[in-house]
Amino acid sequence: MTAGFPELKYIKLELLESGVLVMTFNRPKHMNSMLPASYCEWAQVMKYVHASANIRVLVVTGSGAAYSAGQDLPGGRVPDGEDEKKVLWQRRNDTCELTKLLVTSPVPIIGAVNGPAIGYGCTTLALFDLVVAADTAVFRTPFAELAFCPEGCSS
């Protein structure tokens with residue numbers, strides 16, 4: 001971690017001397033699926049990118065065998081005792097904020113897809129400037145079969 005980076009639990013950052021910021025989804029045991037906190041962390045990274053003059057490009061990849069399995073469905077349950085409508089509305093707002101930050105990125109974003117890219121992990125790739133895929137990459141948007149609305153500019 002470099003000074004000035006946001007504190008992150010589910011994402012690793014590495015800033016190379018050339019000005020390349022490498023962002024790695026870091027939940028390999030869960031195929032880098034995204035918890036509600038993961039969306040917030042990614043938004044923190046994007047805010048950092050927006051505010052940093054020394055970053056020339058952002059590279060997004062995954063640790064382990066997957067790029068990102070998208071939303072962590074069991075991890076996305078509303079905790080007991082919390083107002084479901086309020087929690088889900090906040091998650092919607094967090095996703096919208098992240099999507100806007102991706103669309104308005106001041107630097108090119110490159111997706112280095114090292115394995116499965118599912119759901120939001122797949123749809124956000126359309127917002128990037130360049131996507132490079134390994135032979136092991138698989139792209140999937142299972143929204144309809146899960147009875148979910150598409151997101152991330154995928155509809």
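Bridge orientation summary for the chain: considering DSSP beta bridges with both residues in this region, about 20 percent are antiparallel. Mind sorting out which of (1) 15.1, 48; (2) 14.5, 41; (3) 16.8, 51 is the real Rg and Dmax of the Cα atoms in Å computed from the coordinates? Entry (1).
Take the chain with all the other protein chains still there, run a 1.4 Å probe, and you get 55 Å² of accessible area per residue. Rounded to the nearest 500, the 222 nm mean residue ellipticity of the chain from helices alone is -8000 deg cm²/dmol, with -39,500 (n - 2.57) taken per DSSP H run of at least 4 residues.
Axis of helix 84-103 versus longest Cα principal axis of the chain: the two differ by about 30°, to the nearest ten degrees.
Considering only protein heavy atoms and a 1.4 Å probe, what is the carbon-and-sulfur percentage of the accessible area of the stretch 33-92?
54
Can you give the percent of C-alpha pairs in the stretch 21-112 whose distance is more than 23 Å?
Percentage above 23 Å: 29.
For the pair residue 136 and residue 92, label points projected 7 Å from Cα toward Cβ lie 3.7 nm apart. Here residue 85 is the anchor, and the lysines within straight C-alpha reach of less than 25 Å, apart from those fewer than 8 places off in the same chain, are 100. Toward the positive end of the charge dipole of the stretch 13-90, with +1 on the Cβ of Lys and Arg and -1 on the Cβ of Asp and Glu, the farthest Cα among 48, 18, 69 is that of 18.
The values are calculated or read from the model by the stated rules, or taken from the named source; none is laboratory data. The structure displayed is predicted, hence computed values, not measured ones. Cβ atoms come from the backbone with ideal geometry, glycine included; neighbour counts cover every protein chain shown. Side chains are part of the model used for accessible areas, which takes the heavy atoms of the whole protein and leaves out ligands, DNA and RNA. Shrake-Rupley method; radii C 1.70, N 1.55, O 1.52, S 1.80 Å.
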